[in-house]
Amino acid sequence: MDVLVIGAGVCGLTTGICLAEAGLSVTIRTAAPPQKTTSAAAGAVWGLVRVGPPDRVLDWGRTGLEVLSKLAAEPGTGVRMASGREVSRTPLAPHYWTELLPGLRICEKSELPDGFTSGWHYTAPVATMPVYLDYLGARFEQAGGRLELAPVRSLADLAGLAPIVVNCSGVHARDLVPDPAVIPVRGQVVIVENPGLQEFFINRDQEPPWITYMFPHGEEVLLGGTNDEGNWDEEAKPFIAERIVAHCAAIDPRLRGAAILGHRVGLRPYRPEVRLESEPFGDGMLWHNYGHGGAGISLSWGCAAAIATAVRSGGTHPPGPP
Ligand SMILES: Cc1cc2nc3c(=O)[nH]c(=O)nc-3n(C[C@H](O)[C@H](O)[C@H](O)COP(=O)(O)OP(=O)(O)OC[C@H]3O[C@@H](n4cnc5c(N)ncnc54)[C@H](O)[C@@H]3O)c2cc1C
């Protein structure tokens, strides 16, 4: 084995794919299968939310946007290009990273729901996460990768198992590294039958822990949600689900009474800055790739490609600014 990756969320799988497709022999060891990770709960649209630092995130995000846009043209990946709006009840300008999105435009007043005063419309890749994670898992195995279901108790236990270890443990890096800078930002979502929504919708007003959004995925719509800092609870709470549906139905009445198909909870691995760097580890190298906050789907290919490039060139740091 050349590489041992910890974690089978979107960051572990894409890192595994990039390294395995570069010809290395890669094993992913994970405590939870891909469908039970935070990644499985995501909405998930390309966007650089709750993540830093801005300059590096913009570079990784650019790569993510390119790769996801290409995957949107391939059947079976679970990714497609979708259009939608981000809106606010107060004057709000588009986020800095929307400069990467072709077709971004400010909404006309007539496009805003009652009570909203600003917003923008754009087209971006959107992933149906359960399908996308299956696609990533299959692509990893096709490239010769192996997935092992087993927890890692301590990083020290892994020294000597492979010359390169990559830590993609998401929010659990807080204990595993340990790294107190990592904080869970709990997100709960509800899956309902789609009563006809075509476009996604995100309300960017600050109403912690609530954030109202809707992502149509064919026959289903994913309704959100929450941004609950410091909350580790992975159980879906019925009272939260009720409020999520009520918030969404207040904006789009077609959702009133929509049949509920499921509930998901994920713990966004928030850190002031993504940790993408390496350190000596026994005779080998330990890479860290965690702390992607609310943007792991969007950044995963950029971060994975940076590690693969550095590993192939025998480097210890990702290319680009330190
Ligand atoms: C509700 C919600 C909506 C979101 N929407 C978006 C969006 O629209 N766009 C976007 O880009 N991002 C979005 N995100 C954020 C995104 O989901 C995360 O940033 C991303 O999933 C993090 O991926 P990860 O692979 O780092 O972590 P995870 O998906 O949490 O995976 C971590 C992996 O590490 C494993 N692991 C941890 N500890 C150990 C251990 N000790 N031993 C073995 N294995 C271990 C776990 O079992 C798991 O397999 C959203 C998140 C939530 C919750």
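Regarding VAL57, is this residue under 17 Å from the mean Cα position of the chain (by Cα) and open to solvent by 30 Å² or more (accessible area, probe 1.4 Å)?
Working: under 17 Å from the mean Cα position of the chain (by Cα): yes; open to solvent by 30 Å² or more (accessible area, probe 1.4 Å): no.
Taking the combined requirement at face value, the residue does not satisfy it.
Tell me, please, whether a residue that is touching a residue at least 60 places away in the same chain (Cβ under 8 Å), more than 10 Å from the ligand (Cβ to nearest atom), over 26 Å from ARG174 (Cβ atoms) and assigned to a helix (DSSP H, G or I) can be found in the stretch 217-224.
Of all residues in the stretch 217-224, those touching a residue at least 60 places away in the same chain (Cβ under 8 Å) come to 217-218, 222, 224.
Those still in the list that are more than 10 Å from the ligand (Cβ to nearest atom) too: 217-218.
This time we only want the ones that are over 26 Å from ARG174 (Cβ atoms), so: 217-218.
Restricting the remaining residues to those that are assigned to a helix (DSSP H, G or I) gives none.
Checked against the condition, which is being touching a residue at least 60 places away in the same chain (Cβ under 8 Å), more than 10 Å from the ligand (Cβ to nearest atom), over 26 Å from ARG174 (Cβ atoms) and assigned to a helix (DSSP H, G or I), the stretch 217-224 yields no hits at all.
Among the numbered criteria (1) open to solvent by less than 30 Å² (accessible area, probe 1.4 Å); (2) under 21 Å from THR14 (Cβ atoms); (3) away from the ligand (no atom under 15 Å from the Cβ), which single criterion is violated by SER88?
Going through the list (1) open to solvent by less than 30 Å² (accessible area, probe 1.4 Å); (2) under 21 Å from THR14 (Cβ atoms); (3) away from the ligand (no atom under 15 Å from the Cβ), SER88 breaks only (2).
Given the residues ARG243, ARG146, ARG153, which is the only one that is without any contact (Cβ under 8 Å) to a residue 60 or more places away in the chain and more than 14 Å from the ligand (Cβ to nearest atom)? Spell out the reasoning first.
Details: ARG146 fails: without any contact (Cβ under 8 Å) to a residue 60 or more places away in the chain; ARG153 fails: more than 14 Å from the ligand (Cβ to nearest atom).
Just a single option satisfies the conditions, and that option is ARG243.
Those residues that are closer than 10 Å to TRP46 by Cβ and touching a strand residue (DSSP E or B) at 6+ places or on another chain (Cβ under 7 Å), I need them from the stretch 83-104; list them, please.
Matches in the stretch 83-104: LEU101 only.
I want to confirm something. Restricting to the stretch 4-34 and keeping residues that are assigned to a helix (DSSP H, G or I) and within 10 Å of the ligand (Cβ to nearest atom), which single residue is surrounded by the fewest Cβ atoms within 10 Å (Cβ to Cβ)? Show your work before the answer.
From the stretch 4-34, those assigned to a helix (DSSP H, G or I) are 10-21, 34; that's our starting set.
The next check asks that each one be within 10 Å of the ligand (Cβ to nearest atom); those that pass are 10-15, 34.
Values: VAL10: 30, CYS11: 33, GLY12: 30, LEU13: 29, THR14: 29, THR15: 31, PRO34: 24.
Among residues in the stretch 4-34 that are assigned to a helix (DSSP H, G or I) and within 10 Å of the ligand (Cβ to nearest atom), the one surrounded by the fewest Cβ atoms within 10 Å (Cβ to Cβ) is PRO34.
Answer with yes or no whether PRO75 is touching a strand residue (DSSP E or B) at 6+ places or on another chain (Cβ under 7 Å) and more than 6 Å from the ligand (Cβ to nearest atom). Outline the logic, then answer.
Values: touching a strand residue (DSSP E or B) at 6+ places or on another chain (Cβ under 7 Å): no; more than 6 Å from the ligand (Cβ to nearest atom): yes.
Criteria not met by PRO75.
Quick check on ASN227: is it away from the ligand (no atom under 15 Å from the Cβ), crowded, with 17+ Cβ neighbours inside 10 Å and either under 25 Å from GLY76 (Cα atoms) or in contact (Cβ under 8 Å) with a residue 40 or more places away in the chain (or both)? So that I can check it myself, show each step before the final result.
Numbers: away from the ligand (no atom under 15 Å from the Cβ): no; crowded, with 17+ Cβ neighbours inside 10 Å: yes; either under 25 Å from GLY76 (Cα atoms) or in contact (Cβ under 8 Å) with a residue 40 or more places away in the chain (or both): yes.
So ASN227 fails the test.
Of all residues being more than 14 Å from the ligand (Cβ to nearest atom) and of a type in the set (A, V, I, L, M) in the stretch 253-285, which is nearest to ILE6 (Cα to Cα)? Just the residue, please.
Looking only at the stretch 253-285, we keep the residues that are more than 14 Å from the ligand (Cβ to nearest atom), and these are 253-261, 272, 277-285.
Okay, now just the ones that are also of a type in the set (A, V, I, L, M), so 255, 258-261, 285.
Working: LEU255: 39, ALA258: 39, ALA259: 37, ILE260: 34, LEU261: 31, MET285: 14 Å.
Ranking the candidates gives MET285 first.
Can you pull out the residues in the stretch 123-148 that are assigned to a loop (DSSP other than H, G, I, E, B) and open to solvent by 20 Å² or more (accessible area, probe 1.4 Å)? Please lay out each step first, then the result.
Our first condition is that a residue be assigned to a loop (DSSP other than H, G, I, E, B); within the stretch 123-148, this holds for 128, 143-145.
Once the filter is applied, which keeps residues that are assigned to a loop (DSSP other than H, G, I, E, B) and open to solvent by 20 Å² or more (accessible area, probe 1.4 Å), the stretch 123-148 yields THR128, ALA143, GLY144.
How about the stretch 156-209: which of its residues are of a type in the set (D, E, K, R), at pLDDT 95 or above and open to solvent by 60 Å² or more (accessible area, probe 1.4 Å)? I'd like the intermediate steps shown before the answer.
We begin by selecting, within the stretch 156-209, every residue of a type in the set (D, E, K, R); these are 157, 174-175, 179, 186, 193, 199, 204-205, 207.
Still in the running and at pLDDT 95 or above: 174-175, 179, 186, 193, 199.
ARG174, ASP175, GLU193, GLU199 - these are the residues of the stretch 156-209 that are of a type in the set (D, E, K, R), at pLDDT 95 or above and open to solvent by 60 Å² or more (accessible area, probe 1.4 Å).
Among the listed residues VAL165, VAL177, which satisfies the condition of being aliphatic (A, V, I, L, M), closer than 13 Å to GLY12 by Cα and in contact with a strand residue (DSSP E or B) (Cβ under 8 Å, 6 or more places away or on another chain)?
Details: VAL177 fails: closer than 13 Å to GLY12 by Cα.
Every option except VAL165 fails the conditions.
The values are calculated or read from the model by the stated rules, or taken from the named source; none is laboratory data. Just so we're clear, the structure is a prediction, and the values are computed from it rather than from any experiment. No Cβ is skipped: glycine too gets one built from the backbone with ideal geometry, and neighbour counts run over all protein chains shown. To get the accessible areas, we keep the full protein, side chains included, count just its heavy atoms, and leave off ligands, DNA and RNA. Shrake-Rupley method; radii C 1.70, N 1.55, O 1.52, S 1.80 Å.
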